[in-house]
Amino acid sequence: MDEGLSLDRVQVRLNGRVLLSLDLAVAPGTVTSVMGPSGSGKSTLLGAVMGTLSAPFEVLGRIRLDGADLSGRPPEARGIGILFQDDLLFPHLSVGANLAFGLPPGLRGRAARRAAVDAALSEIGMAGFAARDPGSLSGGQKIRVALMRTLLSEPRALLLDEPFSSLDADLRAQMRTMVFARARARTLPVLMVTHDAEDAAAADGPVLRLG
Amino acid sequence: MTDVRSQGAARHRPQRRPARVLPAVPMLATAFLLLPVGAGVLGTLAPAFGVLPAAGVMQPGLGAFADLAAWPGLPDAVRLSLVAGGVSTLLSLAVVTAVLAAWSGTRTFAAVRALLSPLLSVPHAAAAFGLAFLIAPSGWILRALSPWATGFDRPPDWLIVQDPWGLTLIAGLVAKEVPFVMLMALAALGQADAGRAMTVARSLGYGRMTAWVKVVFPQVYRQIRLPVYVVLAFSMTVVDVAIVLGPNTPPSLAVQAVKWMGDPDLAMRLRAAAAAVLQLALVLGALAAWWLGERAVAALGRRWIAAGGRGRREVWARRAALGIAGLSAAAVLGGLAVLALWSVAGFWAFPDPWPSGLTMQNWTRHAMTLNATVAETAVIAAVSTLIALTLAIGCLEAEMRHGLRLGAAGLWLLYLPLLVPQVAFLPGLSTAMLLAGVQGGTAAVTAAHVLFVFPYVFLALGDPWRAWDRRYGTVASALGAGPDRVLWSVRLPMLLAPLLTAAAVGVSVSVGQYLPTLLIGGGRVQTLTTDAVALASGGDRRAIGVFALAQTAAALVPFALAIGLPRLIYARRGGMRHG
């Protein structure tokens, strides 16, 4: 399979000890859930895919995105977006500047970038929020901005690291629907790490258990 | 496993190609600390053993030491160094331990904490002058008590300041070292799980102070050992505080060595080198003794803990701890107030508690010298801090990107310029610099300051840097930002407050330096500290008030900026207000 995100006999080792060993393929527009108790290697998996594991960790095997081998590429050159449990909006930047941080540098001109940010805000029902302080947003608004910031960077795959576990039940269902819908609309392969069975059920895709 | 590799799978370390400069920064910083200290110690050892080619001396032997041994003041000078250093370090550690045991985690303690930064930034020399102005026979305390309580209408003939036992010197050192040890202990406390350990111990029936000393102190002390060693080495060899508060017949060994260093007579310079080497040996011996003492106390402590005493009557101990700490804070702050008063005092006769008039004349009289000195002080402090901050950021960034973490050995190295007595390596360093063709000007003094500024800046920045949530970096990378953009657009702006605090610490360390300015500058570079200390023997209280206050302001203003600027810059960023 050339399209999507694939992990081909991937092993992560630490000082010779195997932490994680798996094979999986995530097709565009689908969500694969990885479940497991804490310590089963979920965050190691994300680190391997993101390219943030450094020595003494060793990653063996191949990680491919749309056919291209990602081995050895730094995180910023992988084209993979990530959403964590916390929104991690940069607290020193305004909402608009956070979104602009994700815009590709190829989009030139202050006005054009400003327009792209405003359009993105409108898309998530937050028109006029560009100058706001991220600290003043509600939990749901923060997640929407974080998601939009990631999507603006035009990733070719999306990783979700327990993205909804800090939310209460109501908001959780709502945000889940939004994230999955937008990822599908862009036909992104999504790899979600979670310990919440409801997340996995809502993802409506393959479920992999670690540990 | 082999299966995976035989299939031709790529084996790679998922790490980016290292940049060229960054990985070299830790090595550079290490060399920067190690070389000057090493060269300096060698450059001091050689003349002590009769080798000073620069002055045409080539008589290898122990002549300088024999000469030193024949100096009648030697036993007193040595005793003073050992007693002042040992006692003030023990007292500072005891006060900090008692206050933390009695009050940490309470509301009272929040007040103690708030006083810490300003107390810490007051330069040693200014604090020493302030203490002298408080407790001298003609000082403010006796004025306030006279004549109604004491009956004095002229200052009594008491030797309080510069007493031969060095008690005032010890008091001055304790007042300045308590905030430093406290700050280090607080940083260590943040890493110990003190809250829950205390809850467990107290639920087992232990009193608050007993519980803290038995359960938390061992963890904290392990972390603050090196800073305590620094305090010991510093207190034994301090020069500026000892000139102001210590006896002068004879003075402490370090002060006497500096006096001899300035002597035009070559024999005196060789004797000075011998004294500096003896001072180094004394410090090493004291450190070894302290290390043995740690072991003895640990053994006794284990027995004490195993005996299971709960220690109940602690009310008075708690009050005493707070009282002593309060007294040492009051000595510094009260001293500053009296300095300020003298700097604007007109006629002020004993025993009047207040001057009969206030005037700006003292300031205008010194304005010319003051302006030039302030400018020189500011340039040296700013440049040395900037260099130190750049090195520190480089080291921490290399640690983050390439995992080049400073090990235990690296930590000792960081403390090296603070552990080796200044008097034992600065003269040699100045000789080495002359040999290398470096003239002792402002640039050389600035470079020497970096040696002492860098360790403090690194320590101040290290914890917040490492505590920074690395997921912000991951998110920024995933958005396409390379490591440099992550550093400049995300990490540094987010760490603005700790960066400015580290810079303020650096400036206050530089402003407070006395010996590096004096010895490396060859007497040609004048800062507020050298000017203030030079006034000590003259006894012009108004001039001392002016210069000591200016020195304090030079150290304090950056702290105020470090607190104020981030609030101003991030006034509309709620997420930047904490952490």
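Somewhere in the stretch B:478-500, is a residue over 30 Å from residue A:78 (Cβ atoms) and either free of Cβ contacts under 8 Å to residues at least 12 places away in the same chain or open to solvent by 30 Å² or more (accessible area, probe 1.4 Å) (or both)? Yes: one or more hits. Among the residues of the stretch A:16-59, the ones that are open to solvent by 40 Å² or more (accessible area, probe 1.4 Å) and in contact with a strand residue (DSSP E or B) (Cβ under 9 Å, 6 or more places away or on another chain) come to 11 in all. Set side by side, the residues A:145, A:179 differ, and just one is more than 14 Å from chain B (Cβ to nearest Cβ), assigned to a helix (DSSP H, G or I) and open to solvent by less than 10 Å² (accessible area, probe 1.4 Å), which is A:179.
Annotation note: of A:108, A:132, A:172, the sole residue that is of a type outside the set (A, V, I, L, M, F, W, C) and part of a helix (DSSP H, G or I) is A:172. The combined condition, being within 13 Å of another protein chain (Cβ to nearest Cβ) and surrounded by fewer than 18 Cβ atoms within 10 Å (Cβ to Cβ), is fulfilled by residue A:154.
Residues that are open to solvent by less than 30 Å² (accessible area, probe 1.4 Å), part of a helix (DSSP H, G or I) and among the hydrophobic types (A, V, I, L, M, F, W, C) within the stretch B:337-384 comprise B:338, B:339, B:342, B:370, B:380, B:381, listed in sequence order. When residue B:526 is tested against the conditions (1) surrounded by fewer than 24 Cβ atoms within 10 Å (Cβ to Cβ); (2) among the polar types (S, T, N, Q); (3) more than 30 Å from residue B:348 (Cβ to Cβ), the lone failure is (3).
Pairs meeting the criteria (first residue in the stretch B:37-62 and loosely packed, with under 14 Cβ neighbours inside 10 Å, second residue assigned to a helix (DSSP H, G or I), beta carbons under 8 Å, at least 6 apart or on different chains) are B:54/B:431; B:54/B:434; B:54/B:435; B:55/B:266; B:55/B:269.
Residue A:97 meets each of the listed conditions (1) open to solvent by 30 Å² or more (accessible area, probe 1.4 Å); (2) assigned to a loop (DSSP other than H, G, I, E, B); (3) within 21 Å of residue B:471 (Cα to Cα); (4) among the small types (Gly, Ala, Ser) apart from (2). Against the list (1) crowded, with 17+ Cβ neighbours inside 10 Å; (2) in contact (Cβ under 8 Å) with a residue 12 or more places away in the chain; (3) in contact with a Ser or Thr (Cβ under 7 Å, 6 or more places away or on another chain), the condition residue A:76 fails is (2). Inspect the stretch B:359-377 for any residue being in contact with a Leu (Cβ under 6 Å, 6 or more places away or on another chain) and among the hydroxyl-bearing types (Ser, Thr, Tyr) and give the result as yes or no. Yes: one or more hits. What's the total number of residues in the stretch B:385-414 that are open to solvent by less than 10 Å² (accessible area, probe 1.4 Å), under 29 Å from residue B:279 (Cα atoms) and at pLDDT below 95? Looking only at that region, the number is 1.
Listed here are the residues, each with its yes/no results for (1) assigned to a helix (DSSP H, G or I); (2) surrounded by fewer than 18 Cβ atoms within 10 Å (Cβ to Cβ); (3) free of Cβ contacts under 8 Å to residues at least 12 places away in the same chain.
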| position | (1), (2), (3) |
| --- | --- |
| B:96 | yes, no, no |
| B:127 | yes, no, no |
| B:130 | yes, no, no |
| B:149 | no, yes, yes |
| B:154 | no, yes, no |
| B:177 | yes, no, no |
| B:180 | yes, no, no |
| B:189 | yes, no, no |
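Of all residue pairs spaced 6 or more apart or on separate chains, none has beta-carbon atoms under 8 Å together with a first member in the stretch B:199-215 that is outside the structural domain of residue B:304 (by TED's automatic domain parsing) and a second member that is crowded, with 19+ Cβ neighbours inside 10 Å. State the number of residues belonging to the stretch B:550-579 that are open to solvent by less than 40 Å² (accessible area, probe 1.4 Å), assigned to a loop (DSSP other than H, G, I, E, B) and in contact with an Asp or Glu (Cβ under 6 Å, 6 or more places away or on another chain). Final tally of qualifying residues: 1.
Residues in the stretch B:464-477 that are among the polar types (S, T, N, Q) and open to solvent by 20 Å² or more (accessible area, probe 1.4 Å): B:474 only.
Going residue by residue through the stretch A:21-41, is there one that turns out to be more than 18 Å from residue A:192 (Cα to Cα) and more than 14 Å from the chain's Cα centre (by Cα)? So far as the stretch A:21-41 goes, no, none of its residues is more than 18 Å from residue A:192 (Cα to Cα) and more than 14 Å from the chain's Cα centre (by Cα).
Residue under question is residue A:108, and the condition is that it be surrounded by 17 or more Cβ atoms within 10 Å (Cβ to Cβ), more than 29 Å from residue A:194 (Cβ to Cβ) and either facing another protein chain (nearest Cβ under 9 Å) or among the charged types (D, E, K, R) (or both); does it hold?
Spelling it out, it is not the case that residue A:108 is surrounded by 17 or more Cβ atoms within 10 Å (Cβ to Cβ), more than 29 Å from residue A:194 (Cβ to Cβ) and either facing another protein chain (nearest Cβ under 9 Å) or among the charged types (D, E, K, R) (or both).
For the stretch A:188-211, a tally of residues being farther than 16 Å from residue A:147 by Cβ and surrounded by fewer than 21 Cβ atoms within 10 Å (Cβ to Cβ) returns 13. The condition of being more than 30 Å from residue B:405 (Cβ to Cβ), of a type in the set (A, V, I, L, M) and modelled with pLDDT of 90 or more holds for only one of B:55, B:64, B:39, that being B:64.
Could you tell me which numbered condition residue A:115 fails, if it satisfies all but one of (1) within 10 Å of another protein chain (Cβ to nearest Cβ); (2) open to solvent by 30 Å² or more (accessible area, probe 1.4 Å)? Of (1) within 10 Å of another protein chain (Cβ to nearest Cβ); (2) open to solvent by 30 Å² or more (accessible area, probe 1.4 Å), only one is false for residue A:115: (1). When B:381, B:340 are screened for being of a type in the set (A, V, I, L, M, F, W, C), within 30 Å of residue B:460 (Cβ to Cβ) and outside the structural domain of residue B:450 (by TED's automatic domain parsing), only B:340 passes. The number of residues in the stretch B:487-501 being among the small types (Gly, Ala, Ser) and at pLDDT 95 or above comes to 1.
The values are calculated or read from the model by the stated rules, or taken from the named source; none is laboratory data. Note that the structure is a prediction, hence the values are computed from the model and not measured. Note: ideal-geometry Cβ built from the backbone for every residue, glycine included; neighbour counts use all protein chains shown. Just the protein is used for accessible areas: all its heavy atoms, side chains included, with ligands, DNA and RNA removed. Shrake-Rupley method; radii C 1.70, N 1.55, O 1.52, S 1.80 Å.
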